[in-house]
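Working notes, beginning with the structure itself.
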Amino acid sequence: MLDLIIDARPADLGNGFGVRRILPYRLKRMLGPFIFLDHAGPVNVAPEQLPALDVLPHPHIGLSTVSYLFGGQVMHRDSLGVEQVIRPGEVNWMTAGSGIAHSERFEDPASLAGGALEMVQSWVALPEADEENAPSFTNYQPHALPIFTDAGVWMRLIAGDAFGLRNEVKTHSPLFYLHVVLQAGARFGLPRGYPERGAYVAKGSVEVNGRTYTAGQLLVFTAGIDPVLVAREASTLMLLGGEPLGERYIWWNFVSSRKERIEQAKADWQAGRIALPPTDNAEFVPLPVDRSRPASSSPPPQPLS
């Protein structure tokens, strides 16, 4: 029933900014089209420490970043000129395509009060035919995202198609992404029709086939099996998966089906050919000297995506 259990690797990125890195993993580089998954926070720092948490402008190619907040808020700026405050319950889908740069800054002290900042960030790899699409950013408000409720169950469809629910979030390949909240004793399954499916336990614990799994674990399920997840306590899950896209290369913030495209992206960023956000261009993250890792190793955590 379970192909793999991935334990998130914790990292303190400074000033109390805790990140749990889930994907990629040495035994599971991708889950469907999802190639990266981070759980950041909860974070609680003094207001004067806010600037240290900012993620300076940095580039992406060949993927879509998906930001989803449980609490707090983040200011997004990108090279398209978009300025968007990201709040809980919204879906913020940025498609890098041929290349984009963006920043994430924490400009409202109230957003961190009481450990409020908590977010899940993922990267969704693009099909080969879409890797060089023009970059774009769309903010989807909560009212545009369908919600399902039942006894002890609350569920929001973030993106894709699941349990008969769909929304207008633009995706490039078959996938599902769900935020699920279960009360103790509630039972829940996984969407059918996808070859790769997983459940990340963000909070609480769930039982599957008589065994209990706790916060910080990603459960990767066998294709064709329909498991039942039983909440051992009040729990929050992120369900994700979809159709696999084939091999992808990942280096720093770049994803591509072609190694040579990664090299080109490195050169483009170093030479300034990927534009900075027009309202946040005074500083940026320089190209790392060498972030290469053997294929069998896990990449080091990044602040956000």
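Structural remarks
- Pairs where the first residue, in the range 107-119, is modelled with pLDDT of 80 or more and the second is aliphatic (A, V, I, L, M) and surrounded by fewer than 19 Cβ atoms within 10 Å (Cβ to Cβ), C-beta under 7 Å, 6+ apart: Glu107/Met75
- Answer residue from the range 122-139, given it is hydrophobic (A, V, I, L, M, F, W, C) and either at pLDDT below 95 or closer than 18 Å to Ile274 by Cβ (or both) and is surrounded by the fewest Cβ atoms within 10 Å (Cβ to Cβ) among those: Ala134
- Residue pairs whose Cβ atoms lie under 6 Å apart, sitting 6 or more positions apart in sequence or on different chains, and linking a residue in the range 33-44 that is among the polar types (S, T, N, Q) to a partner that is modelled with pLDDT under 95, are Asn44/Gly115.
- Residues in the range 209-240 that are of a type in the set (Val, Ile, Thr), within 16 Å of Val153 (Cβ to Cβ) and open to solvent by less than 30 Å² (accessible area, probe 1.4 Å): Thr236 only.
- Residue count for the range 226-262 under the criterion of being more than 24 Å from the chain's Cα centre (by Cα), over 21 Å from Gly32 (Cα atoms) and not β-branched (Val, Ile, Thr): the result is 3.
- The residue that is nearest to Tyr68 (Cα to Cα), among those in the range 191-204 that are more than 18 Å from the chain's Cα centre (by Cα) and open to solvent by 10 Å² or more (accessible area, probe 1.4 Å), is Gly204.
- For the residues Gly81, Gly72, Gly97, Gly89, the requirement of being under 16 Å from Ala116 (Cβ atoms) and surrounded by fewer than 24 Cβ atoms within 10 Å (Cβ to Cβ) singles out Gly89.
- Residues satisfying the stated conditions in the range 258-282, i.e. in a loop (DSSP other than H, G, I, E, B) and either of a type in the set (S, T, N, Q) or modelled with pLDDT under 95 (or both): Thr279, Asn281
- Residue satisfying all of: in the range 41-62; in a strand (DSSP E or B) and modelled with pLDDT under 90; most open to solvent (accessible area, probe 1.4 Å) among these: Pro42
- Some residue of the range 148-158 being among the hydroxyl-bearing types (Ser, Thr, Tyr), surrounded by fewer than 15 Cβ atoms within 10 Å (Cβ to Cβ), out of contact with any Pro (no Cβ under 6 Å at 6 or more places or on another chain) and free of Cβ contacts under 8 Å to residues at least 12 places away in the same chain: yes
- Filter result for Val255 (assigned to a strand (DSSP E or B), farther than 29 Å from Gly204 by Cβ and either open to solvent by 20 Å² or more (accessible area, probe 1.4 Å) or not charged (D, E, K, R) (or both)): yes
The values are calculated or read from the model by the stated rules, or taken from the named source; none is laboratory data. Keep in mind that what you see is a predicted model, and the values were worked out from it rather than measured. Methodologically, a virtual Cβ is constructed for each residue, glycine included, from the backbone with ideal geometry; neighbour enumeration extends over all protein chains shown. For accessibility, only protein heavy atoms count, side chains too; no ligands or nucleic acids. Shrake-Rupley method; radii C 1.70, N 1.55, O 1.52, S 1.80 Å.
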